[in-house]
Amino acid sequence: MADVTLAKSTPAPRTRRFSEETVAGWLTISPWFIGFIIFTAGPFLASLYFSFTKYDVINPPEWVGLDNYNRLLTRDRLFPLSLRNTFIYALMYVPLHVITALGVAILLEKARTLKGFFRTAFYLPAITPAVATAYLWVWILNPNDGVVNQALRALHLPAPAWTVDPFWTKPTIVISQIWMMGAAMIMFLAALQGVPRDLYEAATLDGAGPWERFRSVTLPLISGVTFFVTTISIISSLNVFTQGYVMFDKDGGPENSALFVVMYLFKRAFGSGYFQMGYASAIAWILFLIILVVTFVQFKFADRWVYYEHQAK
Amino acid sequence: MSTIVQSPYDQPRLRTAAQSEQGPKWIRRLGDFPLYLALFGLSALFCLPFVWLVLTSLKPPAEVFSNNLFPSTWTWSNYSDVVDQAPIGRWMLNTFIVAILGVTAVVFSSSLVAYGFARLRFPGRKQLFALVIATYLLPGSVTLIPTFLIWNKLGAVNTLWPLWAGNLFGSAFYIFMLRQFLLTIPQDLVDSARLDGASFFRIYWNIMLPLIRPALVAVAIFEFNAKWNDFMTPLIYLNNPDRYTLALGLANFKSDFQELGTQWSLLLAASVIFTIPMVIVFFVFQRYFMEGVAHTGIKG
C-alpha cells in the first residue's frame, strides 16, 4: 500500500525523547491496542490453555493434557458429524452464493433502465435480520402447508420435506442464505462496472464473441472481488450458527443433520447442564486450525487465478 | 479519486462496440426483452418472500398457510396481540440502546485509530497494522469463551455492556476501511494546519473527520445493521427477558411465550416489527449503504 500521503515527521526537539508525532501516533492507536490485548490476544492464548484443561467456571481449571482433543477426535460421535455437516453445507453454499451473486450482477450491469429499482429489489433480503429470515423460511418451506410445497404439488413435482427430512435440512439453510446474497452482488456489480470499456472494444475487434469476452476480459479483471467474496463466503459458512439454531429450535435438527461445529461448541460451553469450557475451547481451536489451513491454501493459490492490476504495469 | 467516495453507479456509461453494432434504438430495445424478463422474474423471486411475510402478518391466523396473496380481512390485531404477549417495546429499546452506543463507540474509536495508522509516523506502525489485518481474519469463536469469562468476572453477564462495549476499542475491518479513505486526503491541508499550530488531534477532529464523512456514515450503517442483527452475543450474555434484544426475544418467542404451539401469525408480525427499522435505515441511507458495500469488495 502506498504511503505517499503520510505526514512528514516533524523534527524532534533534542531535549525530548520522542517526537510529538510519535507520541500522538501511539496515543491515537492506543484504544485498538488495549482492546487487542484484552479482547483478542489474551482470549486467544487463554482459549488455547483452556483447551488442555477441564474447566466448569466454578472450579479452577484442571490440566488434562491432550484429553479433550483425544476425546473429540476418537470417542465423540457428534463432533465428527458436526464437522461433516459444516463441510457439506460450505460445499453447497460457497459455489452457489458466488455464482448467484455474479449471475445477478451480470444481468443488472446490462440493464439500461430501472437499474436502481432492481438493485434495491435484489438487495432488500440482505438487510432482513437473521432470526427473522430463519422463521420466514421455516414457514415458507413448511413440508405440509408451506407455500413452496403447495406450489410444487400443484405442478405435480416432488415436494421435499425440507425441515423434517435429514437430507433436506442443509439445502433449506442454503436457500435461506442464498436469498441474502445482496452484498456480494453489489460488490460484483461495482467490479463489473470498473472493467474498462475499451478492453471489450479491443476484444470485439479481435473477433471475440460474448463468451470469450466474458472469459478472457471480465473474469480476470473482476478476479480480485471474486477472491474476496469467495474468502468471506468460506469463512462465514464454516462459522454458520444462527440459521441452524433458530430454524431447528435450538437443536441440531432431525438426526442432528443441522448440527454445525459452532452450534456444538455453543452447546458444550453454554448449553444447560454442560458448561464444559475446556472441551468447548478444544472445539474452537480445531475449527480455528481448519479455517487457518483453508485460508492459507486460498491465499497460496490466489496468484494462479487472481489478477492484480499492478502486475500488468 | 477526485471525491472521497466515488459512486460507480453515477459514471456515464460508454456504449460498447457490441452494443452500438446492433442498429436502431427500437431493435436494441427489443433485444433487451429477454434481459428484462429475466430481471423481473428473478427480482420477483427475491422480493416475494419479503412481500409474502408482510401480507401474511396481516392475515387472520387461520389463513397463515393459505396461498392467497392478500388477506381476506386485514388483521391488524396480530400486531397488538404480539405486543400484548411479549415485551416487544422493551426489546426494541434495548436493541436501540445497544445499536446506538455501539455505533457511536465504533465510529470514533475506529476513525481515531485509522487516522494514526494512515497519517502519523511512529515506530512500530507497520507491524501493528499487520496485526490489525490479522485480527480481522481471526474467527470470533476462538476468543468467545475467554471473552465470556472476562465479562462474567466483571459481573456484566445479563447486562447490555458485553453487547457493545467492545466497540470502544475500534474494529479491525473499519480501521482498515477508514484508513484507505484517510490516505487519499491531500497532505497540503495537514501541512498548513500544522504551520498554524494545530495539534495532531485537532487535525483529526477538524480536518479528517469532516472530510471522510461519507465513509463514517457507511461505517455507522454497517455497524447498526450488525448490532441489530447480532444474535449470538445476546444469546450468550442475556437470560432475563427484560434485558433481551429483539433478535434474542424473537428467537425465544416460541419457547417463552407460545406454550400452546406455534402461532405463526404472531411470529410473523414480530418478524416484521423486527425488520422494519432496518428497512427504514436502508432506504434513508441507501446511497451510503450501496457505496460502502461496493467499496468493501474493491478495496477489501
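Excluding B:ASN167 itself, what net charge comes from residues whose Cβ is under 12 Å from its Cβ, given Lys and Arg +1 and Asp and Glu -1? Before the final figure, lay out the partial values.
Details: positive: B:LYS227; negative: B:GLU223, B:ASP230.
My count for the surroundings of B:ASN167 gives -1.
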What FRET efficiency comes out for the pair A:ARG197/A:PHE301, r = Cβ-Cβ distance, R0 = 41 Å, nearest 0.05? 0.85
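Give, in nm to one decimal, the length gained when the segment between B:LEU30 and B:LEU93 is fully stretched (0.36 nm per residue of separation minus the Cα-Cα distance).
Numbers: separation 63, 0.36 × 63 = 22.68 nm, distance 5.20 nm.
Here the segment from B:LEU30 to B:LEU93 would lengthen by 17.5 nm.
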How large are Rg and Dmax for the protein assembly as shown when calculated on the C-alpha trace, in angstrom? 25.9, 87
How crowded by other chains is B:128-138, given as the mean number of beta carbons from other chains within 10 Å of each beta carbon? 4
Mean ellipticity per residue at 222 nm, deg cm²/dmol - from DSSP H runs of n ≥ 4 across the protein assembly as shown, formula -39500 (n - 2.57): -20000 deg cm²/dmol
Of all alpha-carbon pairs in region A:74-312, indicate the percentage at a distance above 21 angstrom. 65
Per-pair calculated FRET efficiency, R0 = 60 Å: A:ILE58 and A:TYR308 via Cβ, rounded to 0.05: 0.70
What's the exposure ranking of B:VAL217, A:VAL164, going from fewest to most Cβ atoms within 10 Å? A:VAL164, B:VAL217
For A:GLU109, B:GLU223, ascending order of other Cβ atoms within 10 Å (fewest first) is A:GLU109, B:GLU223
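List the DSSP H helices in chain B whose Cα atoms stretch 20 Å or more along the helix axis and whose mean Kyte-Doolittle hydropathy is at least -0.5. Don't jump to the answer; show the numbers that get you there.
Details: long enough: B:33-56 (32 Å, 2.03); B:88-119 (45 Å, 1.37); B:213-229 (24 Å, 0.48); B:264-284 (30 Å, 2.42).
Taking the DSSP H segments of chain B (at least 20 Å long, mean hydropathy at least -0.5), we get B:33-56, B:88-119, B:213-229, B:264-284.
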Rounded to two decimals, what is the ratio between the C-alpha radius of gyration of region A:20-69 and 2.2 N^0.38 Å? 1.75
Added length on full extension, which subtracts the Cα-Cα distance from 0.36 nm per residue, A:LEU292 to A:ALA41: 88.7 nm
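Calculate, in nm to one decimal, what B:TRP161 and B:SER80 gain on full extension: separation in residues at 0.36 nm each, minus their alpha carbon distance. Intermediate results must be reported in sequence, preceding the final value.
Details: separation 81, 0.36 × 81 = 29.16 nm, distance 3.06 nm.
Length gained between B:TRP161 and B:SER80: 26.1 nm.
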Fraction of the pair-distance distribution of region A:63-121 above 17 Å, Cα-Cα pairs, percent: 63
About the Cα centre, and with charges only on the beta carbon of Lys, Arg (+1) and Asp, Glu (-1), how big is the dipole of region B:82-299? Nearest 20 debye, please. 720
Enter the mean number of other protein chain beta carbons within 10 Å of the beta carbon of each residue in A:189-202, as an integer. 4
Counting other C-beta atoms within 10 Å, and keeping those with at most 13, which DSSP coil trypsin sites (Lys or Arg not before Pro) do you find in region A:35-104? A:ARG77
Dimensionless Rg over Rh [region B:170-300; C-alpha; Kirkwood]: 1.16
From fewest to most C-beta neighbours within 10 Å, the residues A:PHE301, B:PHE50, B:PHE282 line up as A:PHE301, B:PHE282, B:PHE50
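Once the cut-off is 36 Å, how many percent of the Cα-Cα pairs in chain B end up in the long-distance tail? Please report the intermediate quantities before stating the final value.
Values: 16876 of 44850 pairs.
Tail fraction, whole percent: 38.
Any read-out appearing in this document is the output of simple, stated calculations on the displayed coordinates, not a laboratory observation. Not measured: the values here are computed from a predicted model. FYI the Cβ positions are ideal-geometry reconstructions off the backbone, even for glycines, and counts take in every protein chain you see.
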